[in-house]
Amino acid sequence: MKLSTPWIVSRRSVLIAATLDFFLCLFLYEFVYQYEYDSEPSRLVSNTFAFFWIVVSYVLGRYEKTRKISFVIISKIVIKSIFLLFLTNTIYLFINWGYPLLFFWNDVNFFNTDLKDLSNFFIRVSIYIVIASTILQFNLGIINKNIHNQNKVWIFYGTSNKYKEIMNETSMNKKIIFWLSNEDNLGSLDINNIRGIIIEDFSLINQENIDLIFKLKLKGVIIDDLLSWFEKQFHRMPTNLIENKYQLLEKLKSTEDKYQRRIKRIGDIVVSIFILLVTFPITLITCISIFIEDQGPIFYSQVRTGHKGEKIKIYKFRSMVINAEEFGAQWSSAEDKRITKVGKIIRATRLDELPQLFSVIKGQMSLIGPRPERPEIEEGILKKIPFYNYRNVLKPGISGWAQVNYPYGSSIRDTTNKLSYDIYYINHISFLLDILILFKTIKTVFTARGDKRNDFKNLS
């Protein structure tokens, strides 16, 4: 199974923060338990608590980089920590005190001394952990702030046309210096002030500069081709930077890993069934709400393009008015007037996609992958956007790399930008990347940010 890690490298600060938080929770829980009870705690309880702690912390955004230190930022950090403290204790107390009520367990003594002591212990230790964790994350945020305030620049070595395309795709205008290939000598570069050199085409470099680049590489300067550099920095691959299909053919090998496909399929079935069971109450409320609003149908279906161009029928909760497409197929957007009141909520939280879990179980879709497009819309897109059918090498997904990094698309420009994320996903598909997308999707659901537009130049 191929493991591609550019997205992991770029998230090392988040991974470090989460890892330190995990071991902090583990250490404090076990240390306090041993100190108070003079015995070993349950490893299952301590590890489950630590894992739950970092997952909810990620969803709340506790591991995000701190760009500046202010009263508002500090207040947000404290509020998130208090909410996490409240949530963990509520769940713990419900598990230990509440579930007997639900299942009518008569043999449980609610005023059992041991149970009360353990509950009081959990409240105390979670307070210790939230204080230590908040201090840790605050200090890590300051460190990240100082690290990311570097003034080093990138050198782009290529043609002016390609340089303009990079500037249109990024927000790094002051971080990339243009160096005209074959005319400028790289010997005058101050290597202490540069992060690396981006090469458009190695065949454009003259002999004198190729020798200098080799020496710079030996001194530790990053030397990268344009596409690899862009993928590492922004985790997407714009089609206007792709010169030919040969640049994509080598990447397709990652989709041929049969072992990885089997793991993905097993994960799709297990997770889909689990989500259907857990979200059943939400599904029921959604169905009732949709019907109450306009007494119309709860579901609607569409034909989409699936794996290898196969036509599949998908089902979603209806989020638009009845007969929303009486004048033909058209793109939807966040401000679309056809969207109902309930529709705005279920689209923002992505709950409208839940019925597609049955398509995942049937094998027509996957949990993670490029979103399937409607054939009548795709036909027009293929004429305007190169490499768009590259998405069909994988099964379409309910969520995907494009969906967690870019909002609903409503134009050719939006579709082009989302395609750049889909191409990146196909090129770097892995089990760990799927897990990241799943967590980011959960975060989108809980923060209801599904319709909010992000700056596509910056990775969220």
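The values are calculated or read from the model by the stated rules, or taken from the named source; none is laboratory data. Computed from a predicted structure; not experimentally measured. Don't worry about glycine lacking a Cβ; one is built from the backbone with ideal geometry, like all the others, and counts go over all protein chains shown.
So the check is Cβ under 8 Å with 6+ separation or different chains; which pairs have a first residue in the stretch 290-301 that's assigned by TED's automatic domain parsing to the domain that holds residue 343 and a second one that's aliphatic (A, V, I, L, M) and in a loop (DSSP other than H, G, I, E, B)?
Here the result reads 290/298; 291/298; 294/321; 294/322; 296/321; 296/322; 297/322, each pair linking the stretch 290-301 to a residue that is aliphatic (A, V, I, L, M) and in a loop (DSSP other than H, G, I, E, B).
Give the residues of the stretch 359-372 that are surrounded by fewer than 24 Cβ atoms within 10 Å (Cβ to Cβ) and assigned to a loop (DSSP other than H, G, I, E, B), sorted by residue number.
363, 364, 371
Could you list, in sequence order, all residues of the stretch 212-243 that are β-branched (Val, Ile, Thr) and either without any contact (Cβ under 8 Å) to a residue 40 or more places away in the chain or part of a helix (DSSP H, G or I) (or both)?
213, 221, 222, 223, 239
Taking the condition of being surrounded by 13 or more Cβ atoms within 10 Å (Cβ to Cβ) and without any contact (Cβ under 8 Å) to a residue 12 or more places away in the chain, how many residues in the stretch 20-44 meet it?
The total comes to 2.
Going residue by residue through the stretch 336-348, is there one that turns out to be surrounded by 19 or more Cβ atoms within 10 Å (Cβ to Cβ), out of contact with any Leu (no Cβ under 7 Å at 6 or more places or on another chain), at pLDDT below 85 and hydroxyl-bearing (Ser, Thr, Tyr)?
Scanning the stretch 336-348 turns up no residue that is surrounded by 19 or more Cβ atoms within 10 Å (Cβ to Cβ), out of contact with any Leu (no Cβ under 7 Å at 6 or more places or on another chain), at pLDDT below 85 and hydroxyl-bearing (Ser, Thr, Tyr).
When you go through 191, 166, 199 one by one, which is the residue that is out of contact with any strand residue (DSSP E or B) (no Cβ under 6 Å at 6 or more places or on another chain) and modelled with pLDDT of 85 or more?
Result of the check over 191, 166, 199: 166.
Determine which single condition residue 333 fails, assuming it passes every other condition in (1) modelled with pLDDT under 90; (2) exposed (fewer than 15 other Cβ atoms within 10 Å of the Cβ).
Among (1) modelled with pLDDT under 90; (2) exposed (fewer than 15 other Cβ atoms within 10 Å of the Cβ), residue 333 violates only (2).
Name the one entry in 412, 398 that is surrounded by fewer than 16 Cβ atoms within 10 Å (Cβ to Cβ) and either touching a residue at least 40 places away in the same chain (Cβ under 8 Å) or over 14 Å from residue 231 (Cα atoms) (or both).
None of the other options fit; the residue is 412.
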